[in-house]
Each structure stands twice: as structure tokens, then as C-alpha cells.
Amino acid sequence: MTEVPEPRGGSGRELGLSRHYRDIAGRRVLFDNEGFLWSADDWTEDLAAALGAEMGLDTFTEDHWRVLRFFREYYATNGRAPLNRQLAAGTGMRLLDLEELFPGGIRRGARRLAGLPNPKTCT
Amino acid sequence: MKVTFTLNGIPRQVVVDPDVVLLDLLRDEFRLTGAKQSCDKKGQCGACTVIVDGKAVRSCLTKVAKLDGADVITIEGLGTPANPHLIQEAFVLAGAVQCGFCTPGMIMAAKALLDVHPDPSTAQIKRALRHNLCRCTGYVKIIEAVKLAGEFLRGEKTPDELRPDPHGAKLGVSHPRPSALIKACGVAQFTADILAPGALELAAVHSPHPHALIKSIDTKAAEAMPGVAGVMTAKDIKGSNRHNYMVPDRPVLCEDRVRYIGDPVAVVAAETREQALAAVAAVRVEYEPLPALGSPHEAMAEGAPQIHSEWANLCLTQPQIKGDAARAFAEAGHVVEGHYHTQMVHQAPLEPEVCLAFFDGEGDDAQLVVVGRSINIHKHLAMLQEATGWEDMRYEEAYVGGQFGIKIDVTSEGIAAAAALHFRRAVRYIPSLPESMYLSPKRHPFDVKVKVAADADGNLTALGMDVVIDNGAYNSMGNVVMNRAMMMLSGSYNFPAVDARARLVYTNNPWGAAARGAGPPQVNYALESAVDRLAREMKIDPLEFRRRNSLRPGQSKSTGQVVDEWPFPELCDAIKPHYDRAVREAREMGEGTKKRGVGVAGGSFGIGGPNDQSMVAVELDPDDGITVYGAVADPGEGNDSMLSQLAADAMDLPLDKVRLVTRDTDHTTANGPAAASRHTYMSGGALLDAIRQLREAMAACGATTYADMQKAGVPTRYMGTRKTVVGTLDPETGQGPSFESQVHALQLAEVEVDTETGEVRVIRMTCAADAGRVIHPDNVIGQLQGGMDMGVGLALREEYVPGKTKDWVTFKYPTMKTAFDMDVIICETPRKRGSNGAVGVGEMTLVPTAPAVLNAIEDAVGVRIYDLPATPDKVKAALAAMR
């Protein structure tokens, strides 16, 4: 094909869109561009612990596991993530406490550690 | 003034201003919402048609003041779902109801005709319904429905004779769609039909500039106007103010810069829509225009201004390399090159981008509810939560008046949700038609340089393509469109060598996103044009050339993916008798200024793309029926048929024992979009998986009923999943996983070209398609017909020109006048991985249409149009150049 000069129109970078594999907790796992698991089935407790360590959460307490278990069970039953009020009701915890419990808060922290994928776009 | 008239048999007295039109009186005062509004009350769409004194009238043009003593009948006066009129039954049983937005108007126009002409000809039907627009059907089934209604009314047939037995076979049978009758009776609630007394009405200020800095926004004068509750700008939005479909580049309301004509800048909320629109005109925005980048090549040029501070104008590049193309081109006996361009097109659903947002509950427990036209409610909910900073939210999909890809992304919902939060009130946003066009994405324009080569025996040997995609101002899913184009680049054919590249580029044009086919139609236009030219140059029959070069099981696509089923040659055989007849008729045409031509084009469209997942839950109900839970939007294609018929078949239930819960985020699984023709394959597959689990659980405990399951203590709800292969195209070679299955089509266009005016008339389109096992024949045929009509629009008429295309006339909407004859040939090769052998068909239907028409034009008059649409001016100019 005819070669066309390849200036990019400005100095910015290309769109950072790609899903990517990472080696973590002894496995190769696919993540989306926000760092959420692509498939909820890839989740294990070891993976959660490894992700937590990356976020500065070295030790999971029973409260952490209770939240993660609720997320997992809710997703398995309903096929979607719970709203915060459902999370609070299901764990018996206050939202402010939940936000503080996980680095990154509920969505980017707890939900990500629980391995719940983001709703899918057209792929 | 006071007016007395009869409405649906009931005497009415109303006191109205002289300018009030009947449509507003019906919808706003009598709450009769069967008459729809699409065209800003310009009389262009006919969706508001009612009968006045026996004549069909467009109620948007009919002044109430002139109705004294009149007899008015609306769709609600014709029949109800419990007691439908025969015409309403005819529309349902003929498969003429898809999205249903045009249906009430169509039925009223049909009634006025049938009251006078009980056995109308096609010409009479076309004339009587000439003011009524439809985007879904291509008008064929509407004409058939009117004829069927005539048969019913004349007593020659009855609905009961035609209605399939709901206890009989579920697959391969056109059972009435679950939603069809309420749409035909005008009682399906589209978003604007939902009563919201006290809701503030919204109107938006949009940028008149393609690229400019916002220096200031002065809202004082607007805020002081009657009825105005306030004006909202970007600073009033508490969340990210960004729609993050894949890249957080598109603001709900522009912050410091506008990037295309129509970018929303401010929102007025007022007690009435008229007050909001008046106040919009009083909002003063000071802009500093910037250089506008009107094409990808301008945007990629050295020194071009950067449209987004974070990202270069060249968003992405994807090469595709297979085999040794350079060598293949060097050794080829025949090579054809061409440079093709496709236009920007509006998807043109009839329903405007309406949205309603309100609070469900009070105080801290209030949930914000957004009602709109989404086809991916969970993804859109997540986007709205982030953009507005409000988490407790629910999205409800109302009935949707067509979408064709336009609702892949959030349009009006961000504005409505943010306004409800800002004003702490229920709000309703009914954008005008130009506003709806401003707010929504468009079909991406493609610039394609293509080169194809064949050996001396007429076997294709190499494909080269350089694809430049105008992404517009925001990405939305531009990267997906590009990848889809690359995954289907080689179309239906075997190209042993490929050297291609695609680039996706930000510009200051309206943003692109999904539009029926989303990428493949554009590249397929170039590919099928080039293949046709190569066949003609080699003096090989174009149909035979395609059959000879079809991909075969064991061969690979341009992605390197080896296919194990490819029933395209069979389509060539199926269409051959039609092709031979068409060629013969064209050659028999006498001398004159009107020349007949015949063209063919193929297409093989991927189904089940990599990295996809769907989840659907089923629950056994106390009456031993089942409820299906899944966000499977149905904006008109017939996903409700697909789910209910697959479920009824798998559970061996009558259709009325299958219930669907698909429309709100609080009760459904997050399931991905009603796009990419994916729901039959993905969600149908997940549904069957869920039912398999339920049946296994029942068998394991010996249960045959809900009561048995309860007694055994066994769960009654099961979650099914369907996943596709995971992986991406290699960034350097474009080799990698592609679609798990394919739907194939081959289309035959017969056109007549007026060599004096350049006008092209499509006489007939014939489509041979294979989408695996057919679940609902009428739905498949309806998709094929509607897609061909849309494809002809793409080929000959339709174009969105920013700032100029403002209504259905300037858009050149398809009408009864442009409608043409269609033949459909269905082949059924059950797909190994399909849902009971079925795959989707909604997009495939448009993929071959434009090249088939353009190939027919060349066959007729010897000129090739490289730049869509092939308007009379372009054809005439090409003819002049040839002479």
C-alpha cells in the first residue's frame, strides 16, 4: 500500500483501551483497562490477596472477607454488582466504614478485589 | 375558543387556543399517547396519524380549532389488546410490527384506506401510506399487513386461522411477538408516553462551532425568564462529568471547549418545554473559535491542533499482515485498485432521544431512576453513576422506537440524570429532532484504499487495504468499530495474503459509534466493489467469481482464524436462478435513457466476537412456568421472541408460561448490549445454559413441578452463562482470535439508471441469507428487508451533514415512494456453536447492500461511484466524465 506519513496530530498518546494479561498469584489473568477482572470466574482468594497487597492492603480481616463474600454471592445470584445500599444491608456495615475499609473505596477497592467485572461494552 | 367534537365515540368539548394542534391535545390533555411525535410536528413522519371524518390526517398539522363537529378516531379507539381490531391483528400476524413507534400511525392510515377501498392494490397502499415513515421494515411487511387486513375485513381469512398454536412447535414458527399487540394498539409506553406531572422540562444549548474554547456562559437572562427553574452547566455536575464508554473523553456538558457542532454546553430546566426552549435562546455563550479539523488527514497532519489534551488525534493503528502480499501482488495476473469513501450517516430511529429522570423514594433513601432508550442498561448505569457522582440509581428501558446502533452509548441520559440531581426534581428531556441528531453518535465515515489481485485462473491471491476512520470528536466505541472491520476485512473470500492497516482518528466531526454493522459495511463496500471490478476486468461472471473464491472450511480469514463452517457457496447457488433472470431481463431492455443493471455483493458477518460474555437467569415459577431474567434489550429486532421461543422450546412450555424480565437494572443480569447481532448467540446461549441447569436439577431430584422442587428443597433459580474465546488481535500483525461463527448473505440488486438525470431507482433487491436455524421466520425476513432498505439509503441517498441535516426530509428518509420490491431466500445451515443452531442476522442484512447497488450501477451505465452516497449529481457527473 502507499505509505502515508505518520504524524499523530498532537503530542498525546494512543487511547489506552486494551484488555491485558497479568501474571498474578501464580496465574495468567485477563484484566480490563481499569484493572478489573475480565471474568469473575478467574477470582480466587489468593488472587484477591495479591491484588490487595498491590493496593497496600496486606492483611485481610474478617470484615474484608465478609464484604468480598457478599459481593461474590450477590453476583453469582443476580449477575450484577449490588448497589451500595444493598451492600450495606447485606454486610450489616455502614457505607462510610466500607469506603474506609478498602483502599480505593467500595467500587475501585472492594468490588475490584471481589473480582466483579465491569459491565461489558460491545467487544 | 370552544370546540365540540367526538373522540373515539365520546362527545368532547374543549377550550383551546387557536394554534393548538390535535396531537398535543390528544397526548397532553386526553393522555392518549398512541399517536407519536418524531418530526417536531412538521408533518414529515406520520407517526401521529389519526382519522378525522373518515380521512387519515397528521394530527401534528391539524388545528383543534377546525375540528368543531368532527369525528376523531385514534388508535385507542380502534381496539385494545383484549379486543383488537382486525387491522391491528393483521399487523401483528404479518410481522409488520418491529419497534412499533410508527405502527399506530400506519394502522390509522390503513384503516382510512380500507374503509374506502377494501381490496387495495399495492399502488393504492403506497399512496395512502405515503406520509408514514418506517425505519425498521423497508415497508414490505406493512404493505403485506394492509393486504392481510383487507382479507380479514372482507371475511376471506380470520386471525385464528393464521395464529400459530402457542402449544405447538416453538422454533421455526412466527409466533406473535410478545410486545406486538400492545404496540399495535398504541398502549406500549415509550419514554415520552410516561406521565410525569410536575416534572421539569429540559432543553439544551448546543455548540454552533465545530471547535472552540468556551470563554464564558451567561445564564442570567435565561434564568429570569418565565417558568425557568434554572440553568445547569458543567460546573453544576458533581461527578466526573464524563461519559466513559471506553475512554472518558466525552463530557455530559462541555467544560472549557466544544469539539463538534452540537456539543452540549448548558441545560435549561423550566415548567414547560416551550419555556425551556425560549430560555435556551437567551443563554449567552462566548466562544473563541479554534481551527476545525474536518477530516482525518487534516487531523493527522504535522502541526494539527490536538483535539483532546490527553490523547493524540491518531487514536489507534491496527495493521493486518497475512502471508506475503507483496510477492502475491507482484506475481498476480490481474490487479485492481480503488479509493472509496463512505459518508457519515444518522441511524435515524423514529423516536427522538427522549429521557425521563426522577426520584423513587424520599430523602437519603431516594433512588434516581433514569428511563430511556438504552440497549445496554447496566453499562449505561455505571457510566451515569460515575458521570453524575450519584450511586443509588436505576435504569429502566422503556419501549424503544428503533435504534440501529445509536443507543450503544449514552445520549440524553447524562443530561437528564445530572439535571434531576441538580434541580432535585423529576425532569423530562424530549430533544427536538435536530437536538436528537446533535446528541447521538453517527456511522463512522471510512476512507478506504483497496487493492485486490487474482491469478490467471481467476483465484484471488492478495488483498491490500489502507483504512482511515473518522472517529469524530469522541471515541465512544471507535476502537471496536475499527477492530470489527479488521476481523471481517476479507469478507466472504479466501485471500491467501493480506497487507492492510487501519487508523482511527479524532476530528471535529460528530462522534461515531455503532450503526447497523458498525465498520464491516464500510470496508465491505470497498472490498465488494473491487472484487466486482476485478471479475469484470477478467471477464468472469461476478457471481461465479464470488462462488469460486469463497472461503472454505479449513481456510483462514484475514485474521488467520481457520473456519470450520462457511455456507457461502450455497448462497451463490440459491441466488443463481434469480440472478440469471435479472441479467436476462436487464439485457432485454430496449434503447433509451433508462438503463437497467444487475449487481451482486456478498458478506460474511462475524457472530460471537472474542471476549464476550452473557449471563441469563431463569426461575421456575409456582405455576410451573418460568421467568427469564436478563438485560436483553429489544428495540425492535425481536429479542423478546428469541428468548421466549427458545425458553418455551427448551422447557416444553406453552409460550404464555414464559415471562421475560429484561428492562431494568434492579432485576436483571448485566448482559452487554443489544448490538453486534449478539443476543441470539450470546444471551440465547446463556438462556439455554440456565435451562439446562434447571432441568438437570429437576431430574436429579425427580421433580416435574415447582411444588416438587420446593418439597425437595432444591433451588428454583439458575444462572446460565455464555462466553466466547478470549484474546485480541496482535498489534503488529492483526492476527488472532476472531468471531466464533458467521452469518452470511448474498444480495442481488436490480437498478434502473436515468442517464439524463443521474437518478438511480432500485427495482428489486434479492437477499439470500443463512443465519443458521431460524427461530422466528418473520423476524428474520423483517430484519433482512429492513436492512436492505437501510442499505439502499446508504448507497443512494442518506447523509448526515453537521448543521445542515435537521429533519427527515433533509436526511432523505426512506419512504413508501423509495420502497422497492424485495425477495428473500432463507437457507438454514445449523451452526455448530449457535443457540440451537441459530445466530443473529440484524446487521448482516445491510453489509452487502450498498456494493450490490453500486455494482449494478456500473453494470447499467459503466460508471463506478467511489464516494457514497451515489446521488444523481455524482452519477451524472461520472457519466459526463466517461463521455
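The values are calculated or read from the model by the stated rules, or taken from the named source; none is laboratory data. For clarity, every value in this text was computed on a predicted model and none was experimentally measured. For neighbour counting, all protein chains shown are included, and Cβ atoms are generated from backbone atoms with ideal geometry for every residue, glycine included.
Filtered by the rule that a residue be at the interface with another protein chain (Cβ under 9 Å from one of its Cβ atoms) and out of contact with any Phe, Trp or Tyr (no Cβ under 9 Å at 6 or more places or on another chain), the stretch B:375-402 gives B:Asn376, B:Ala382, B:Gln385, B:Glu386, B:Glu391, B:Asp392, B:Met393, B:Arg394.
Applying a threshold of 7 Å to beta carbon distances and a minimum spacing of six or more residues, or different chains, the list of pairs starting in the stretch B:145-164 at a residue that is at pLDDT 95 or above and ending at one that is among the β-branched types (Val, Ile, Thr) and not in a helix (DSSP H, G or I) reads B:Phe152/B:Thr158; B:Pro164/B:Val173. Screening A:Met93 against (1) more than 8 Å from chain B (Cβ to nearest Cβ); (2) in a helix (DSSP H, G or I) leaves a single unmet condition, (2). Counting just the residues of the stretch B:1-18 that are of a type outside the set (Gly, Ala, Ser) and not in a strand (DSSP E or B), which one comes out modelled with the highest pLDDT? Once the filter is applied, the top-ranked residue is B:Asn8. Residues of the stretch B:615-632 include at least one that is assigned to a loop (DSSP other than H, G, I, E, B), within 14 Å of chain A (Cβ to nearest Cβ) and closer than 20 Å to B:Gly782 by Cβ.
Would you check if B:Arg501 is within 14 Å of chain A (Cβ to nearest Cβ), closer than 30 Å to B:Ala301 by Cβ, more than 24 Å from the chain's Cα centre (by Cα) and in contact (Cβ under 8 Å) with a residue 40 or more places away in the chain? Answer is yes for this residue. Is it the case that the stretch B:595-610 has a residue that's more than 14 Å from chain A (Cβ to nearest Cβ), in contact with a Pro (Cβ under 9 Å, 6 or more places away or on another chain) and not in a strand (DSSP E or B)? No, the stretch B:595-610 has no match at all. Do we have B:Val21 as farther than 28 Å from B:Pro81 by Cα and of a type outside the set (Lys, Arg) here? In short, no. Tell me whether the stretch B:638-654 contains one or more residues that are under 25 Å from the mean Cα position of the chain (by Cα), crowded, with 23+ Cβ neighbours inside 10 Å, closer than 30 Å to B:Pro553 by Cα and within 14 Å of chain A (Cβ to nearest Cβ). No, because not a single residue in the stretch B:638-654 is under 25 Å from the mean Cα position of the chain (by Cα), crowded, with 23+ Cβ neighbours inside 10 Å, closer than 30 Å to B:Pro553 by Cα and within 14 Å of chain A (Cβ to nearest Cβ).
Based on this model, can you work out whether B:Gly758 counts as modelled with pLDDT under 95, assigned to a loop (DSSP other than H, G, I, E, B) and not aromatic (Phe, Trp, Tyr)? Criteria not met by B:Gly758. Hey, does the stretch B:475-498 have a residue that's touching a helix residue (DSSP H, G or I) at 6+ places or on another chain (Cβ under 6 Å), surrounded by fewer than 24 Cβ atoms within 10 Å (Cβ to Cβ) and within 14 Å of another protein chain (Cβ to nearest Cβ)? Yes - at least one qualifying residue is present in the stretch B:475-498.
Residues that are crowded, with 22+ Cβ neighbours inside 10 Å and more than 14 Å from every other protein chain (Cβ to nearest Cβ) were ranked within the stretch B:656-690; the one that is nearest to the chain's Cα centre (by Cα) is B:Thr680. Consider the stretch B:704-719 and keep the residues that are surrounded by fewer than 19 Cβ atoms within 10 Å (Cβ to Cβ) and more than 41 Å from the chain's Cα centre (by Cα). The one that is nearest to the other protein chains (Cβ to nearest Cβ) is B:Val714. Of all residue pairs spaced 6 or more apart or on separate chains, those with beta-carbon atoms under 7 Å, a first member in the stretch B:720-749 that is closer than 30 Å to B:Leu620 by Cα and surrounded by 18 or more Cβ atoms within 10 Å (Cβ to Cβ) and a second member that is at pLDDT 95 or above and among the acidic types (Asp, Glu) are B:Gly720/B:Asp689; B:Thr721/B:Asp689; B:Arg722/B:Asp689; B:Thr724/B:Glu740. The set of residues in the stretch B:455-474 being touching a strand residue (DSSP E or B) at 6+ places or on another chain (Cβ under 7 Å) and more than 14 Å from every other protein chain (Cβ to nearest Cβ) consists of B:Asp455, B:Leu460, B:Thr461. Filtering the stretch B:505-516 to residues that are more than 8 Å from every other protein chain (Cβ to nearest Cβ) and either under 16 Å from B:His341 (Cβ atoms) or in a loop (DSSP other than H, G, I, E, B) (or both) leaves B:Thr507, B:Asn508, B:Asn509, B:Pro510, B:Trp511, B:Gly512, B:Ala515, B:Arg516. Within the stretch B:440-454, being within 14 Å of another protein chain (Cβ to nearest Cβ) and touching a Gly at 6+ places or on another chain (Cβ under 9 Å) holds for B:Pro441, B:His444, B:Val448, B:Lys449, B:Val450, B:Lys451, B:Val452, B:Ala453. Are any of the residues in the stretch B:809-818 farther than 23 Å from B:Ser38 by Cα and of a type in the set (A, V, I, L, M)? Checked the stretch B:809-818: no residue is farther than 23 Å from B:Ser38 by Cα and of a type in the set (A, V, I, L, M). The requirement of being surrounded by fewer than 20 Cβ atoms within 10 Å (Cβ to Cβ) and acidic (Asp, Glu) is satisfied by B:Glu570. Scanning the stretch B:654-684 for residues that are free of Cβ contacts under 8 Å to residues at least 40 places away in the same chain and among the charged types (D, E, K, R) returns B:Lys657, B:Arg659. In summary, strands (runs of 3 or more DSSP E) completely within the stretch B:217-329 and bearing 1 or more residues that are within 14 Å of chain A (Cβ to nearest Cβ) and of a type in the set (S, T, N, Q) occur at B:314-322.
Among the candidates B:Arg581, B:Arg596, the residue that is at pLDDT 95 or above, surrounded by fewer than 19 Cβ atoms within 10 Å (Cβ to Cβ) and on the phi < 0 side of the Ramachandran plot is uniquely B:Arg581. In the condition set (1) out of contact with any Asp or Glu (no Cβ under 8 Å at 6 or more places or on another chain); (2) part of a loop (DSSP other than H, G, I, E, B); (3) under 17 Å from B:Asp778 (Cα atoms), B:Gly95 is compliant with all but (1). The residues listed here are B:Ser432, B:Ser436, B:Ser412; of these, the one that is closer than 29 Å to B:Tyr800 by Cα and in contact with a helix residue (DSSP H, G or I) (Cβ under 6 Å, 6 or more places away or on another chain) is B:Ser412. Scanning the stretch B:825-883 for residues being outside any loop (DSSP other than H, G, I, E, B) and of a type outside the set (Val, Ile, Thr) gives a total of 25. A single member of B:Glu337, B:Glu351 is away from chain A (no Cβ under 14 Å) and in contact (Cβ under 8 Å) with a residue 24 or more places away in the chain, and it is B:Glu351. Only residues that are in contact with a strand residue (DSSP E or B) (Cβ under 7 Å, 6 or more places away or on another chain), in a loop (DSSP other than H, G, I, E, B) and either loosely packed, with under 13 Cβ neighbours inside 10 Å or at pLDDT 95 or above (or both) were counted in the stretch A:37-76, giving 1. Does B:Ser240 count as of a type in the set (S, T, N, Q), over 29 Å from B:Ala426 (Cα atoms) and at pLDDT 95 or above? In short, no.
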